[in-house]
Amino acid sequence: MSLNSFEYVIIGAGFAGAATAYHLARSGAREILILEQEEVPGVHSSGRNAAMVRQVVSDPALAALTREGAAFLRSLPADWPVPVSFEQNGSLLLGSGEGWKKLVQDAELAGQMGMAVECWSRERASDFVPALKGADFEGAVWCATDGVVDINALLTGYLKAAQSLGAQVRYGCAVRGIDVRGDRAIWVVTSAGVINAETLVNAAGPWAGTIAKLAGAVQAPLRPCRRHLFVTAPMSWVGRKWPFVWDVAHEFYFRPESGGLLLCPCDQEEMAPGDPPTDESITELLYDKIQRYLPALSDVAIKNSWAGFRTLSADGRFVIGWDPKVKGFFWVAGLGGHGVTTSSSAGALAAKLILEPVGTGEEEFSPGRFVK
Ligand SMILES: Cc1cc2nc3c(=O)[nH]c(=O)nc-3n(C[C@H](O)[C@H](O)[C@H](O)COP(=O)(O)OP(=O)(O)OC[C@H]3O[C@@H](n4cnc5c(N)ncnc54)[C@H](O)[C@@H]3O)c2cc1C
């Protein structure tokens, strides 16, 4: 390895890039370099999310990753370099009408996959979380092994663990150009010079489409979508051990945070990648939803809010696999709203596909699915 030549160059030190580097290194890969345009990790989606580990989802392929990802977080490897708190207080997913029927099906799928889930009546859920008194829902799916993880410690852990196995991270190093020459010789033009890579991993989160364009790779239909989170001041009646509560019919969620609540109205607006501005009208959307569906929370006062990007693919599935157009270009992108939960499983899948490049291009998450 010369100073500026690496076998694996990963663009992005968010959960996608950090977990891929960790699993590559743990599988024995060497000469790994992560390039991060910011001066510190976690400036974008990976540091701006709700930190919830949610396993019950509709897509069986995604459910396999949420289950495996959650299992990793509940029981981190013994040599994990940083303490990471995981508060396993469970989750309640609320449903009404057709949405409730769908949730029950999702719970059945989760049960078949070995997750401990139960369907609860409205009364039982409201007894458990009194803030649900008077709320508009038919029933709830309880998943005891869900929880909330310390995202900063987790991200630091992936990076430190990868570094202890030889991976390098360069911060303040933005990728500006990608020059693909012949058979797996990729020249990455950065703000700090040119770097040669045999394999280039696109883990650029909301910028994954931009990176693909620079390389001439497949244009996977990825949409960076802004979402807001709100935090209240501490309130004596909030139970610190409450689960996170997600009303999937009316699209909002809340969970305990620093003695108060973290709330989200599940807004979704496509925007160009960057530092998404907050929008006052979303506060109104939040209060509108609270008043309609969660009247017990009508008096909460918001203390703080921010926004981040969920990067969604056209079919909602992750994009993990070799690019069908550019040799040596690998994708770990489009993690949507599940990139924390699935950080380890998505990184492990990426590392496996990178190290055993025998794929047909027809794997569940392959970018090849977007080529007609
Ligand atoms: C409001 C909100 C709530 C969420 N809640 C949850 C949740 O509760 N549970 C859950 O599992 N998931 C949640 N998510 C989703 C989760 O945050 C994402 O799926 C995950 O963080 C995506 O990680 P990433 O590494 O792909 O992207 P990012 O964290 O954005 O990392 C990409 C990195 O690439 C870098 N980069 C980009 N372009 C370049 C370049 N040219 N050169 C160098 N570096 C570059 C960026 O600076 C960035 O650091 C939530 C997301 C949001 C916005």
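Out of everything in region 111-134 that is of a type in the set (A, V, I, L, M) and at pLDDT below 95, what residue ends up being surrounded by the fewest Cβ atoms within 10 Å (Cβ to Cβ)? So the residue we want is 116.
Note on region 138-148: among residues that are under 22 Å from the mean Cα position of the chain (by Cα) and open to solvent by less than 10 Å² (accessible area, probe 1.4 Å), the one that is farthest from the ligand (Cβ to nearest atom) is 141.
For region 63-71, does any single residue satisfy the condition of being small (Gly, Ala, Ser) and near the ligand (Cβ under 7 Å from one of its atoms)?
no
Can you pull out the strands (runs of 3 or more DSSP E) entirely within region 284-352 that have at least 3 residues that are within 12 Å of the ligand (Cβ to nearest atom)? Per the criteria, 302-313, 329-333. The residues of region 226-241 that are crowded, with 19+ Cβ neighbours inside 10 Å and either near the ligand (Cβ under 9 Å from one of its atoms) or without any contact (Cβ under 8 Å) to a residue 60 or more places away in the chain (or both), listed by number, are 226, 227, 228, 229. The residues of region 234-256 that are in a loop (DSSP other than H, G, I, E, B) and of a type in the set (A, V, I, L, M, F, W, C), listed by number, are 235, 237, 238, 242, 248, 249. For residue 277, the stated conditions do not hold, so it cannot be described as open to solvent by 30 Å² or more (accessible area, probe 1.4 Å) and in the same structural domain as residue 20 (by TED's automatic domain parsing). Annotation: residue 231 fulfils all but one of (1) in the same structural domain as residue 340 (by TED's automatic domain parsing); (2) in a strand (DSSP E or B); the unmet one is (1). Taking residue 300, is it closer than 17 Å to residue 230 by Cα and either modelled with pLDDT of 95 or more or of a type outside the set (Ser, Thr, Tyr) (or both)? Considered against the rule, which asks whether it is closer than 17 Å to residue 230 by Cα and either modelled with pLDDT of 95 or more or of a type outside the set (Ser, Thr, Tyr) (or both), residue 300 comes out as yes. Checking 257, 251 one by one, the residue that is of a type in the set (Asp, Glu) and surrounded by fewer than 19 Cβ atoms within 10 Å (Cβ to Cβ) is 251 and no other. As for region 51-70, it holds no residue that is farther than 18 Å from residue 336 by Cβ and buried (at least 17 other Cβ atoms within 10 Å of the Cβ). Right, residue 207: open to solvent by 30 Å² or more (accessible area, probe 1.4 Å) and assigned to a strand (DSSP E or B) or not? So residue 207 does not fit the description; no. Quick one: in region 183-194, which of the residues that are among the hydrophobic types (A, V, I, L, M, F, W, C) and more than 30 Å from residue 270 (Cα to Cα) is farthest from the ligand (Cβ to nearest atom)? Checked region 183-194; the qualifying residue farthest from the ligand (Cβ to nearest atom) is 185.
Within region 112-119, not a single residue is in contact with an Asp or Glu (Cβ under 6 Å, 6 or more places away or on another chain) and either without any contact (Cβ under 8 Å) to a residue 40 or more places away in the chain or among the aromatic types (Phe, Trp, Tyr) (or both).
For the residues 195, 151, the requirement of being open to solvent by 10 Å² or more (accessible area, probe 1.4 Å) and of a type in the set (A, V, I, L, M) singles out 151. Restricted to region 171-185, and to residues there that are at pLDDT 95 or above and open to solvent by 60 Å² or more (accessible area, probe 1.4 Å), the residue that is farthest from residue 45 (Cα to Cα) is 176. The single residue among 162, 208 that is within 13 Å of the ligand (Cβ to nearest atom) and of a type outside the set (Lys, Arg) turns out to be 208. Answer yes if at least one residue in region 6-28 is within 10 Å of the ligand (Cβ to nearest atom), out of contact with any Ser or Thr (no Cβ under 9 Å at 6 or more places or on another chain) and hydroxyl-bearing (Ser, Thr, Tyr), and no otherwise. Within region 6-28 (the criterion being within 10 Å of the ligand (Cβ to nearest atom), out of contact with any Ser or Thr (no Cβ under 9 Å at 6 or more places or on another chain) and hydroxyl-bearing (Ser, Thr, Tyr)), the answer is yes, since at least one residue qualifies.
Does residue 197 satisfy the condition of being touching a residue at least 60 places away in the same chain (Cβ under 8 Å), part of a strand (DSSP E or B) and either within 13 Å of the ligand (Cβ to nearest atom) or more than 30 Å from residue 138 (Cα to Cα) (or both)? Here the answer is yes, as residue 197 does meet what is asked.
The values are calculated or read from the model by the stated rules, or taken from the named source; none is laboratory data. Since we're looking at a predicted model, the values are computed, not measured. Because the Cβ atoms are built from the backbone with ideal geometry, glycine has one as well, and the counts that use them run over all protein chains shown. Just the protein is used for accessible areas: all its heavy atoms, side chains included, with ligands, DNA and RNA removed. Shrake-Rupley method; radii C 1.70, N 1.55, O 1.52, S 1.80 Å.
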